[in-house]
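Laboratory data are not the source of any read-out in this text; all were calculated from the coordinates shown. Note that this is a predicted model, so its numbers are computed, not measured. When we count neighbours, we look across all protein chains shown, and the Cβ atoms used for this are built from the backbone with ideal geometry, even at glycine.
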Amino acid sequence: MPGTREIRIFPDTAAIAAAAADEFARLKPATVALSGGNTPRTMYELLASRHNIAWDKIQFFFGDERHVPPDDPDSNYRMAHESLLTRVPIPEANVHRVKTENPDAAAAAADYAVEIRNAFRLSDGRFPRFDLVLLGMGPDGHTASLFPGTAALEEKKSLVAANWVEKMHTFRVTLTLPVLNNASNVLFMAGGAEKAAVLKSVLEEQHDPPFPSQLIQPASGRLVWMVDEAAAKLLKR
Ligand code: 6PG
């Protein structure tokens, strides 16, 4: 099945979060890559109040992580932990985080790749097929921690990259494009007027080089964009 793309427009980010939580419940994913960001936080809080989800059957991963310890306010793990993972009965062994307390970002990335390989029982050269990957997009068109002009965009073999982001002067650890594009379902959440121009570029224009978010094209999966009216205001309807 070739990949498909669907764009769904909601009144506001609260409605995106609710629809994303519904989609999660409907898909019953066994493997999920979580994202950072504000809309996902609301989605996770909504999910945490659902009782009809078999939490112990889900393996949680992270699409990307900041180069900080897990208790840092910037940590994506901390956000997911507080908004979802501590609120529902998930065995600790089902949560696969990036060990970004390691001062060596490349070592943290390599360690996370091993964690994924083991959890998916992957042989060498194979990529995991996540049931669901959640993504956001920054106003510069980045997604996960694949920022414009960064080296990780070129990665073809590794599952995980330690990506130097010059404008932030930091490493980020991120899943790579071959992993993200091997997923069964990729769900982007993007809201707010500050995303309107880039959303139009990403969805309706061709750019050279492409924006990182334009490179998310699941080869044989579903790509769903959940956006709000403010972000969608420049799109052709
Ligand atoms: C992160 C994210 C990143 C995020 C976008 C959008 O770690 O920051 O994974 O890719 O999704 O920056 O963030 P917002 O949805 O909060 O605007």
Volume per residue (Å³) of the convex hull spanned by the alpha carbons of the range 85-138 is 151 Å³
The aspartates and glutamates whose Cα lies under 20 Å from the Cα of Lys99, excluding any fewer than 8 residues away in the same chain, are Asp64, Glu65, Asp71, Asp72, Asp74, Glu82, Asp111, Glu115
In the structure shown, of Lys167/Lys195; Lys28/Lys233; Lys28/Lys57, the pairs separated by more than 21 angstrom at the C-alpha atoms are Lys28/Lys233
By the mean-Cβ-within-10 Å protection proxy, highest first, 111-118, 170-177, 47-54, 230-237 rank as 170-177, 111-118, 230-237, 47-54
Long-range amide H partners of Phe171, meaning residues 5 or more apart or on another chain whose placed amide H is closer than 5 Å, are Val165
At the level of C-alpha centres, the distance separating the range 110-179 and the range 55-102, in angstrom, is 16 Å
Computed on Cα atoms, the radius of gyration and Dmax of the range 158-237 in angstrom are 14.0, 39
What helix-only [θ] at 222 nm does the chain give? Using -39500 (n - 2.57) per DSSP H run of at least 4, over all residues, to the nearest 500, the answer is -7500 deg cm²/dmol
Other residues with Cβ under 12 Å from the Cβ of Phe120 give, with Lys and Arg +1 and Asp and Glu -1, a net charge of +2
Taking the reciprocal of mean 1/r across every pair of different Cα atoms in the chain, the Kirkwood radius in Å is 17.8 Å
The size of the Cβ-based charge dipole (Lys, Arg +1; Asp, Glu -1) of the range 4-228 about the Cα centre, to the nearest 20 debye, is 680 debye
